Amino acid sequence: MKRTLLFPAILLCALLSVLEAKAQRIAFVNTKYILERLDDYNAAQKELDRYSKQWQDEIDERYQQIKRLRDAYNAEAILLTEEMKRSRMEEIERREREARDLQKRRFGPNGDLFKKRQELIQPVQDRVYAAIKEVAGTSYVAIFDLGGPSSNLLFASEKYDKSDAVLRKLGVRPGKEGSAGSKDQDEFGEDPIDDGGGRTPQKPDQNRGGQEVKPR
């Protein structure tokens, strides 16, 4: 009799697990594949390459001028007075500083190339991320990007952010920005199971508000 009752209970648990898994789906996209097939992205990338080449040519020309000055100095040094040598070396060093500053200004962090990339590429990327959010809708818990060197989290539903529930488990009241007013549905169904090894579940990457997280 007990075995007869036990089997339907096991079957019911398995069915509920399947339904829960179907309701909380995870998907992936390849943003590199998507971007490469967008005409406006390819046009923006060509424009960015044009600026990059133009600025690199400008820097290369500066260093070529410096090389010519240095070669001329080495060839004529034996004929120059100490004052003339000092003046020529100061001029070479000044031009080298200017070339390094120009290179940093063009290609350094937050430099001209970085700003131009934001201007040209960022709007296209924003369109892609907006489309990803629309595709996710209410059907997906999270969407990952497989188009980069690592799988970045692009979208996560706020509904499944259990950070405040964990704080309550730890006896801490969530702050104003948390869901302090939420009810028991924010709690985990069961307490974490201790397997005797002192291990606790790892906390997943958080992305509050169901907003996109752009790859670095």
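Hey, does segment 143-157 have a residue that's more than 30 Å from Asp39 (Cα to Cα) and modelled with pLDDT under 85? Scanning segment 143-157 turns up at least one residue that is more than 30 Å from Asp39 (Cα to Cα) and modelled with pLDDT under 85. Among the residues of segment 108-130, those that are more than 16 Å from the chain's Cα centre (by Cα) and of a type in the set (A, V, I, L, M) comprise Leu113, Leu120. Pairs meeting the criteria (first residue in segment 33-59 and surrounded by 13 or more Cβ atoms within 10 Å (Cβ to Cβ) and in a helix (DSSP H, G or I), second residue of a type in the set (Phe, Trp, Tyr) and modelled with pLDDT of 90 or more, beta carbons under 7 Å, at least 6 apart or on different chains) are Leu35/Tyr41. Kindly establish whether Ala77 is buried (at least 16 other Cβ atoms within 10 Å of the Cβ), of a type in the set (Gly, Ala, Ser) and either assigned to a helix (DSSP H, G or I) or modelled with pLDDT of 85 or more (or both). So Ala77 fails the test.
When Arg88, Arg97, Arg105 are screened for being touching a Phe, Trp or Tyr at 6+ places or on another chain (Cβ under 6 Å), without any contact (Cβ under 8 Å) to a residue 24 or more places away in the chain and not hydroxyl-bearing (Ser, Thr, Tyr), only Arg88 passes.
The values are calculated or read from the model by the stated rules, or taken from the named source; none is laboratory data. Computed from a prediction, not measured in an experiment: that's the story for all the values here. Glycine gets a Cβ as well: all are built from the backbone with ideal geometry, and neighbour counts include every protein chain shown.
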